[in-house]
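Right, one structure below, let's go through it.
Please treat every number below as a calculation from the coordinates, not as lab data. This structure is a prediction, so every number in the text was calculated from the model and none was measured. So basically every Cβ, Gly included, is an ideal-geometry build from the backbone, and we count neighbours across all protein chains shown.
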Amino acid sequence: MTRLFGRLGAVLLAGCIALVAPAIPARAQQSNALRVCTPGDYPPYSIAEGAGEYRGVDIELARGFAELLRRPIQFVPVTWATLKTDFAERQCDIAVGGISDQPARRAFADFSIVYGTDGKTPITRRASGADYSTIEQINRPEVRVIANRGGTNEEFARKNFPDAQLTLWPENLTIFDEVEQGRADVFVTDAVEGRYRVRQHPGLQVLHPDKPFDSFGKVLLIRKDDPVLSTLLNGYLTTQLATGTVDRLFDQWIGPNATVPVG
């Protein structure tokens, strides 16, 4: 039944593209690239590989969407701290990379449908055991918390760990080294990212990833006031969910039975 639904969804989406094509603004009908903005530092969603290359779950979804639109794709680097201004200034069509459904972001972009849920959970050294499992255990003056600047990780740390020592790190690529090398005690980030990262850092552990501190949706950002692009992207994502493509992408990065649940 799921496979049949997926085929029907793909057919309906293709028909939708054909029907709305005459209504698409000239800019979208040209052969210009689909501009996909991404910080590229948040695996398994998006990771920069150098020379303008990117990999990740969101990257594959963006590539598939560009193919559906029959447009070339162009990845545009942005940062979490400047995402609000970058989104407009760099003329993003969409933005990807593990973006959380955060109300403040609706001021500068529209949201796709939620394609998964995630939540914040602690990353610590294995030698620390369960010492930093709870917010109360982390929110102490002697605990060294680290967070990447400008995103929901910084927001969560500031809100929940006011009594701890907070270090803001400029990016999300080397922050795990700080914990592994003992220069920070704990980093609270998305559970899915934690599951991926501990595979590359054997000295680290992700605590209770199945029971995170909170829960929020993952979305793609869409340029404001473009109902055609929103409709096409949401139809595409609906098909990827119905056919199990999203689950398979997460399986490739973090292993079976560790996918991002929807709903």
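Helix 57-69 and the longest principal axis of the Cα set of the chain meet at an angle near 10°. The Rg/Rh ratio of the chain, with both radii computed over alpha carbons and Rh defined as the Kirkwood radius, is 1.00.
The Cα atoms of region 32-91 give a gyration tensor whose axes a ≥ b ≥ c have a/c of 1.5 or more with a/b no greater than b/c, which makes the shape oblate. Of the Cα atoms belonging to region 180-242, the radius of gyration and Dmax stand at 17.3, 49 Å.
Here r is the Cβ-Cβ distance between ASP131 and SER215 and R0 is 22 Å; the resulting FRET efficiency, rounded to 0.05, is 0.35.
Database remark: amide H of PHE75 closer than 5 angstrom to the amide H of VAL36 (H placed geometrically; neighbours at sequence offset of 5 or more, or on other chains; Pro and chain starts carry no H).
Mind putting a number on the dipole of the chain about its Cα centre? Charges go on the C-beta only, +1 for Lys and Arg and -1 for Asp and Glu, and I need it in Debye to the nearest 20.
560
What is the P(r) of region 152-256, as percent of Cα-Cα pairs per 5 Å bin from 0? The calculated distribution, bin by bin, is 2, 9, 16, 17, 18, 13, 12, 8, 4, 1. Modelled label positions at ARG248 and THR82, each set 7 Å beyond Cα in the direction of Cβ, lie 3.8 nm from each other. Over region 142-183, Cα pairs under 8 Å with separation of 6+ residues give a relative contact order of 45 percent. The angle between the Cα long axis of helix 227-242 and the main principal axis of the chain comes to about 70°, on a 0 to 90 degree scale.
Legend: P(r) of region 61-207 from all alpha carbon pair distances, 10 Å bins from 0, whole percents, reading 10, 36, 31, 17, 5, 0.
Helical content of the chain, expressed as a calculated mean residue ellipticity at 222 nm, amounts to -11000 deg cm²/dmol (DSSP H runs of 4 or more residues, -39,500 (n - 2.57) each, divided by residue number, nearest 500). In a simple Cβ point-charge model (Lys, Arg +1; Asp, Glu -1; nothing else charged), region 109-263 has a dipole of about 160 debye relative to its Cα centre. Peptide packing for 156-163, 217-224 was compared via the average number of neighbouring C-beta atoms within 10 Å per residue; ordered from the highest value, the list is 217-224, 156-163. In whole Å, what is the distance between the alpha-carbon centres of region 69-84 and region 148-165? With region 69-84 and region 148-165 each reduced to a Cα centre, they are spaced 25 Å.
Rounded to the nearest whole Å³, what is the per residue volume of the convex hull around the Cα atoms of region 47-125?
Dividing the Cα hull volume of region 47-125 by its residue count gives 138 Å³.
Our analysis of region 152-208 gives Rg over Rh at 0.93, with the two radii drawn from alpha carbon positions and Rh computed by the Kirkwood formula.
Arranged from highest to lowest average of other beta-carbon atoms within 10 Å per residue, in what order do the peptides 127-134, 174-181, 39-46, 89-96 appear?
39-46, 89-96, 174-181, 127-134
Stretching ARG144 away from ARG70 to a fully extended chain increases their span by 21.8 nm, per 0.36 nm per residue minus the current alpha-carbon distance.
Compared with the dominant principal axis of the Cα atoms in the chain, helix 2-20 is inclined by about 60°.
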